[in-house]
1. Mind checking which strands (runs of 3 or more DSSP E) fall wholly inside the range A:1-114 and carry at least 3 residues that are surrounded by 18 or more Cβ atoms within 10 Å (Cβ to Cβ), within 14 Å of chain B (Cβ to nearest Cβ) and touching a residue at least 40 places away in the same chain (Cβ under 8 Å)?
2. Residue check: is A:Tyr82 modelled with pLDDT of 95 or more and of a type in the set (Phe, Trp, Tyr)?
3. With B:Phe337, B:Phe363, B:Phe298, B:Phe305 as the choices, which residue is farther than 23 Å from B:Leu225 by Cβ, without any contact (Cβ under 8 Å) to a residue 60 or more places away in the chain and in contact with a helix residue (DSSP H, G or I) (Cβ under 8 Å, 6 or more places away or on another chain)?
4. Tally up the residues in the range B:338-349 that are more than 10 Å from chain A (Cβ to nearest Cβ) and surrounded by fewer than 20 Cβ atoms within 10 Å (Cβ to Cβ), please.
5. (1) within 12 Å of another protein chain (Cβ to nearest Cβ); (2) out of contact with any Gly (no Cβ under 8 Å at 6 or more places or on another chain): which one isn't true of B:Ile359, the others all being true?
6. Kindly check whether there is at least one residue in the range B:205-218 that is in a helix (DSSP H, G or I), free of Cβ contacts under 8 Å to residues at least 40 places away in the same chain and over 24 Å from B:His346 (Cβ atoms).
7. Can you tell which of B:Trp113, B:Trp70 is at pLDDT 95 or above, touching a His at 6+ places or on another chain (Cβ under 9 Å) and not acidic (Asp, Glu)?
8. Every residue in the range B:230-260 that is in contact (Cβ under 8 Å) with a residue 40 or more places away in the chain and either assigned by TED's automatic domain parsing to the domain that holds B:Trp314 or surrounded by 18 or more Cβ atoms within 10 Å (Cβ to Cβ) (or both), please.
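The values are calculated or read from the model by the stated rules, or taken from the named source; none is laboratory data. Just so you know, these numbers come straight off a predicted model, no measurement behind them. Don't worry about glycine lacking a Cβ; one is built from the backbone with ideal geometry, like all the others, and counts go over all protein chains shown.
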Amino acid sequence: MTSLRPDLRVIAKQVPHGASLLDIGCGEGALMANLKADKAVRARGLELDPANVAAAVGKGLSVVQGDADTDLGNYMTGSFDYAVLSQTLQTVHRPDLVLSELLRIGQRAFVSFPNFAHWRVRASLMFGGRMPVTRLLPERWYDTPNIHHVTIADFRAMADELGASIEQQWFLSGDSSTAATAANLLAEHAVFLLKKH
Amino acid sequence: MNGDRGAAGTVASLGELGLDSGETLPALDVAYETYGTLNEDRSNAVLICHALTMDQYAASTHPVTGKPGWWLGMIGPGKPIDTNRAFVICSNVLGSCLGTSGPTSMAPDGAPWAMRFPVITIADMVRAQAKLIDHLGIDRLHAVVGGSMGGMQVLNWDALYPERLDNAVVIASAARHSAQNIAFHEVGRQAIMADPNWNGGDYHRGEAPSAGLAVARMAAHITYLSEAGLTEKFGRRLQDRDAKSFGFDADFQVESYLRHQGIAFVDRFDANSYLYITRAMDYFDLAEAHGGKLAAAFEGTSTRFCVVSFDTDWLYPTSESREIVHALNAAGAEVSFVELSSPFGHDAFLLESPELNRIVAGFLG
């Protein structure tokens, strides 16, 4: 599991053997391939970029090219143990609608995203007066795919509004985990495990 | 009973075939080619379903035209459909004209069926293939693979015999024929029937309606390409001349090309077969039998699907493939889908494409 991105490593560790999982925004399918090989997980993916889809299908993974904003409606309610949205929430047009679809399709949902309230982001805006360009948010304001920046506090509020409870949460700084205390200031990114009430 | 019948290659006589129309074909012949070897537990068979005017010669030389197999890039040793591992079967579809029963074959009265041949459907083609698979002693296919009309057959295989296939590859296809596709087919059919040589389909003793069939092919051929592809290949360039002739000769290269396509086609295809097969495609609507709900056609399937479309294909556009994918998702089926980029329109599925190869190879594993 060492080759996985830190947030995916957290998710992979939690998913039990033989579970079913829909990875929304699965890229080339790194998480799916890992879980399929190590835990015999029934993994499916949705990915916007055709080259990523071709790479994933070429590896024998089941991935559909599609858009999280428009193509989730066809998946059956409760048809997966887990729905995963990793580093994708901030790129969709309607994060609230995508998250409620996630909670509908999966018995549980994993969501990971870069925290826009990290102190470095805050400092960049406060002292530089410019939109932050950081390690996790490397693009400039005009060419970034991240169209809905979100903080850990924002996400908690949205989950609450959607009637989802937070079962577990992990906070990461660099590649290692960080404490839940003052996470909104100190965590570079967060992983949440949600369940609909 | 098997027999070698010249251009048809190997032909299996498979007895009666009940049809969607309610009629029964008394003596079904299916001409087919195979590549690779069937393994001991008969689990490595891959059925290739061909498009409208193709034939069983998917990976071997066509006996009439002398051209290499139409899917040689896809099928062969070390190819995505690897004949070192798979036993590949490709049969001429019902209604066609290269050895399988169709309007050119003999009716019980000893004369060609011509327009007395019963109207057939895509499902009938699949039933004929299933009889061939039975004949070959194969219960379950590792995969059924096809592009265009071949993709329709693949979809229909899963609808009719979900327990008889493990994997399905549907390329540049659709779950039903659109109004635009029916319209183009009707132009082709009317061109054939307007040729005086067609003679109500009864031309086996005289001249074939070659002019009509050539026009049908020319019209259809345009739909297999893309505007960008035509512009790139021909532009407004003139054919073997420096100036316009102010006449109706083939001044433009694109005219000359289409005329050549039309003429070459009539040497290898039968006009009545063209009528029957285009009709079968027009009648195809997989959701029809399920109250218009496509997902219901896939309910409970355990088949893995791989669906591929091409971005410049306006005959079977990506939206049609997405309909299939959405229905498969709604049915909880295992599906992969990708839209590939190509300048070649619908024809892209027949051309060498490293991306398509990689996807099919990876999917079939």
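1. Working: elements: A:20-24, A:42-47, A:62-65, A:80-86, A:106-114.
Here the list reads A:20-24.
2. Numbers: modelled with pLDDT of 95 or more: yes; of a type in the set (Phe, Trp, Tyr): yes.
Here the answer is yes, as A:Tyr82 does meet what is asked.
3. On the way: B:Phe363 fails: without any contact (Cβ under 8 Å) to a residue 60 or more places away in the chain; B:Phe298 fails: without any contact (Cβ under 8 Å) to a residue 60 or more places away in the chain; B:Phe305 fails: without any contact (Cβ under 8 Å) to a residue 60 or more places away in the chain.
Only one candidate passes the filter, namely B:Phe337.
4. We begin by selecting, within the range B:338-349, every residue more than 10 Å from chain A (Cβ to nearest Cβ); these are B:342-349.
Of the ones still in play, those that are also surrounded by fewer than 20 Cβ atoms within 10 Å (Cβ to Cβ) are B:343.
Within the range B:338-349, residues that are more than 10 Å from chain A (Cβ to nearest Cβ) and surrounded by fewer than 20 Cβ atoms within 10 Å (Cβ to Cβ) number 1.
5. Result: B:Ile359 passes all but (2).
6. Applying the first criterion (in a helix (DSSP H, G or I)) to the range B:205-218 yields B:210-218.
Checking which are free of Cβ contacts under 8 Å to residues at least 40 places away in the same chain leaves us with B:211.
In the following step, the residues that additionally are over 24 Å from B:His346 (Cβ atoms) were identified as B:211.
Checking the range B:205-218: at least one residue is in a helix (DSSP H, G or I), free of Cβ contacts under 8 Å to residues at least 40 places away in the same chain and over 24 Å from B:His346 (Cβ atoms).
7. Working: B:Trp113 fails: touching a His at 6+ places or on another chain (Cβ under 9 Å).
Matching residue, one of B:Trp113, B:Trp70: B:Trp70.
8. To start, the set of residues in the range B:230-260 that are in contact (Cβ under 8 Å) with a residue 40 or more places away in the chain comprises B:232, B:258-259.
Matches in the range B:230-260: B:Leu258 only.
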